Every structure is written in structure tokens, then in C-alpha cells.
Amino acid sequence: MKIFLDGAFVDAADAKISVFDHGLLYGDGVFEGIRLYSKNVFRLDAHLERLEYSAKAIALKLPWSRQQISDWTCEACRLNGLTDGYIRLVVTRGIGNLGLSPRKCPTPSIFIIADKIALYPPELYSTGLEVITVPTRRVNPAALSPAVKSLNYLNNILAKIEAENVGFQEAIMLNDQGYVSECTGDNIFVVFKGEVLTPKVSSGALKGITRDTILDVARELGVPMREVDLTRYDVWIADELFLTGTAAEAIPVVKVDGREIGTGKPGPVTARFIEAFRRRVSIEGTRI
Ligand code: PMP
């Protein structure tokens, strides 16, 4: 496997970052997870725009153009002979001293890993996931905006640990007002009385690229859609529920906190969305 690292493609064994990199010392950096479908990178421009916004929000000046990063991303896929895959694009603050200050880190690092994707088992897309709400709250946007896709994922990791400790693969996280914000690595959608509802980004959710795609799909299908405050009650009484993310795509949820959602089986609206989503990923994208 060839990894892109700071201007060159190197073998995986040689793709190394300094122990003085603040990405490692402090989680000071930003990243993207991107999908390659049939040699097309899905919504690459949207991912690179979000990367730029994340970098801007943490005052990290990207010394590369969007075109350069785009070219390197496509090259990483080509060089590794991929047709379908998952791309991890990471920018770290770079090498500094042991203090916190990013001013001591003059040169950010960039690396791009293009690899095969490890999906949820395919049967889960037809049987649906079971999830729980975990005690760990989504970090307050006034402390660190969850809209920043930063290398600081401990908040989500703690929630993931809580879910896995009791046998679940994914968890619903509430914000500090008690509203549903998102899952540890996915956005959440409720179908209720013919409408599709999802938490606002201001509730502490990441502005998911898949979430945006689902909002486009809702317009395409003519299904009414709203961004709202959702409580756990709203989730429990939903007719249908599904999660979205670059890795998970769109996946039905059939049980939350021990309550069956709707009929306890993936619902028809979810199925329409999954189908329309799959159609889109097969036709949209940047050719590598
Ligand atoms: N929320 C969180 C916390 C995530 O890590 C992700 C995955 N990157 C998402 C939502 C889904 O975002 P996207 O559709 O852009 O992958």
C-alpha cells in the first residue's frame, strides 16, 4: 500500500509522523473520511470544503490548494489500484515543542490513506441496527464545535466504549440540553408521519456529507424534511429511523433503548432513501 505523506507516496511501513507532531500530542488537526465508488470519489469537493472550514475554525492555515489535495486524493486511489474504497485524509498541526502553542508548529503535515472499506455486515442493512442512548453528552459547541471534524475524537470514543460495553455497535448522543445530536460516527434521521426529521447542526451534530446527500434525496423524492430539536421521546415514537455516514452509508435502526421502532423492521421510507442514495453514489463523483 502506498500512502501519500507530505508531498510523496511512500510505503505504509515508512508512513511515519513525529512524536512531536501536535496531531499526536494534542489531537490538534483535522480530517475527512471519504468514499470511492466505481472509481468516482463521492462529493470530494464537499469534503475538501469541510476540511477547509474545519482547518479555518482551529486557525490552521492550509498551505496547499484544494486542487492539489484533490489531485493527491485521486492519485492515492489510482496508485493503490482501488475501484471502491475508503479514503482517510488527515492534516496535523505539525511538529512543535511540548507546549500547547500551535505557533511553535510552522509546518502542517498532510497524509492520505486510500484503503478497502470495512462495512457493517451486509445483513444489518436488511435487518437493521439496535442502538442505545449513552450517558456521555456531545461536547458543547461553545467548548469545541462538533462541526469541526478534528482529530480530537475522545468525546465520541467514550460514547462508543459505553455502547460496546453493553453490546451495541452504535450509540445516540444527546447534547447538554438533552436533545438528540447524533451518533458516535453517524448522523441520525427520524421518519414520523410522512416527514423526515433530523437534528439541526446547532444541536451538536457534524454537518455530514451523507446527511446533506439525504436532504437532497428528500427533495428529489418529494418527501417533506425538517431540521428540528429531537428528544429521546421523538426517537422512541418514530415510525422509522436510520443513520447516515460515509462509512455506514444509510442504515436502518429498528430498536432504541429497548423500544422497537415502528414495526421493529426497517421501514419503506428508509428503503426508498437507501435505494436513492445508492443510485446517487453510483453516478455522482470525481473520476480518479
Ligand atoms: N457525525 C460524526 C461524529 C462523524 O464522525 C461522522 C462521520 N464522519 C458523521 C456524523 C457522518 O458524516 P459524513 O456523512 O460526512 O461521513
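Computed from point charges on the beta carbon alone (+1 for Lys and Arg, -1 for Asp and Glu), the dipole magnitude for the stretch 186-229 about its Cα centre is near 80 Debye.
Charge dipole of the chain (Cα centre as origin; +1 on each Lys and Arg Cβ, -1 on each Asp and Glu Cβ, all else neutral): 540 debye, rounded to the nearest 20. The alpha carbon gyration tensor of the stretch 11-71 gives principal lengths a ≥ b ≥ c with a/c of 1.5 or higher and a/b no greater than b/c, which makes the shape oblate. Measuring r between the beta carbons of M1 and K193 and using R0 = 51 Å, the FRET efficiency lands at 0.60.
Quick one: pull the percent of accessible area on the stretch 124-283 belonging to carbon and sulfur, 1.4 Å probe, ligands and nucleic acids left out.
54 percent
When the Gaussian network model of the chain links Cα atoms closer than 10 Å, the mean-square fluctuations of R93, R103, R272 top out at R103. Starting from the Cα gyration tensor of the stretch 1-42, take the square roots of the eigenvalues, sort them a ≥ b ≥ c, and report rounded, prolate or oblate (rounded when a/c is under 1.5, otherwise prolate if a/b is larger than b/c, else oblate). Taking the square roots of the gyration eigenvalues as a ≥ b ≥ c, the stretch 1-42 is oblate. Computed from backbone phi with θ = phi - 60° and the Karplus coefficients 6.51, -1.76 and 1.60, the 3J(HN,Hα) list for the stretch 156-173 is 6, 5, 4, 5, 4, 4, 4, 5, 5, 4, 10, x, 10, 8, 9, 9, 8, 10 Hz; x is used for glycine and proline.
Pick out which of L98, L51, L144 has the largest mean-square fluctuation in a Gaussian network model of the chain, springs linking Cα atoms closer than 10 Å. Looking only at L98, L51, L144, the biggest GNM fluctuation is shown by L98.
Label-to-label distance for A143 and Q67 is 4.3 nm, based on points extended 7 Å past Cα in the beta-carbon direction. Using the Karplus relation 6.51 cos²θ - 1.76 cosθ + 1.60 with θ = phi - 60°, the per-residue 3J(HN,Hα) values for the stretch 273-282 come to 5, 5, 5, 5, 5, 5, 4, 4, 5, 7 Hz, with x marking Gly and Pro. In the Gaussian network model of the chain, springs joining C-alpha atoms below 10 Å, which of S109, S18, S181 carries the largest mean-square fluctuation? Among S109, S18, S181, the largest GNM mean-square fluctuation belongs to S18. 3J(HN,Hα) couplings calculated from phi for the stretch 42-57 with the Karplus curve 6.51 cos²θ - 1.76 cosθ + 1.60 (θ = phi - 60°) are, in sequence order, 6, 6, 4, 4, 5, 5, 6, 5, 4, 4, 4, 5, 4, 4, 4, 5 Hz; Gly and Pro show x. The orientation-averaged projected area of the convex hull spanned by the Cα atoms of the chain comes to 14.8 nm². Summing Lys and Arg as +1 and Asp and Glu as -1 over all other residues whose Cβ lies under 13 Å from the Cβ of N156 gives a net charge of -1.
Whenever you get a sec, line up M225, M173 from highest to lowest accessible area (probe 1.4 Å, protein heavy atoms).
Of M225, M173, the descending order of accessible area is M225, M173.
Dividing the convex hull volume of the Cα atoms of the stretch 2-115 by its residue count, what figure in Å³ per residue is obtained?
Convex hull volume per residue, Cα atoms: 87 Å³.
In this rough spin-label picture, where each label sits 7 Å from Cα along the Cβ direction, the K207-I117 distance is 2.3 nm. Accessible surface for the chain, divided over its residues, is 46 Å² per residue with a 1.4 Å probe.
The charge dipole of the stretch 186-288, taken about its Cα centre with unit charges on the Cβ atoms of Lys, Arg (+1), Asp and Glu (-1) only, comes to about 160 debye. For the stretch 2-115, the number of Lys pairs separated by eight or more positions or lying on different chains, with C-alpha atoms closer than 24 Å, is 6. Taking amide H positions as modeled 1.01 Å from N, with prolines and chain starts lacking one, the residues under 5 Å from S181 and 5 or more places away or on another chain are M173, L174, N175.
With Rh defined as the Kirkwood radius, the inverse of the mean 1/r over Cα pairs, the Rg/Rh of the stretch 79-212 is 1.02. Take every DSSP beta bridge whose two residues both sit in the chain; close to 85 percent of them are antiparallel. Calculated FRET efficiency, R232 to A8, Cβ-Cβ distance, R0 = 41 Å: about 0.25 to the nearest 0.05. Judged by the ratio a/c of the largest to the smallest principal axis of the C-alpha gyration tensor, the stretch 133-278 counts as prolate, that ratio being 1.5 or greater while a/b is larger than b/c.
Where in the stretch 267-288 is the amide nitrogen less than 18 Å from a point lying 7 Å along the Cα-to-Cβ axis of D45? Under 18 Å, as judged by backbone N against the label point of D45, lie 280-288 of the stretch 267-288. The Cα center of the stretch 179-226 and the Cα center of the stretch 258-274 differ in position by 15 Å.
Positive contributions from Lys and Arg (+1) and negative ones from Asp and Glu (-1), summed over other residues with Cβ under 10 Å from the Cβ of A248, come out at -3.
For the pair A57 and N97 in one chain, pulling the backbone fully straight at 0.36 nm per residue adds 12.2 nm over the alpha carbon distance.
The values are calculated or read from the model by the stated rules, or taken from the named source; none is laboratory data. Just so we're clear, the structure is a prediction, and the values are computed from it rather than from any experiment. Here Cβ is always computed from backbone atoms with ideal geometry, including for glycine, and neighbour counts include all displayed protein chains. Each accessible area value is taken on the protein alone, full model and side chains, heavy atoms only, with ligands, DNA and RNA left out. Shrake-Rupley method; radii C 1.70, N 1.55, O 1.52, S 1.80 Å.
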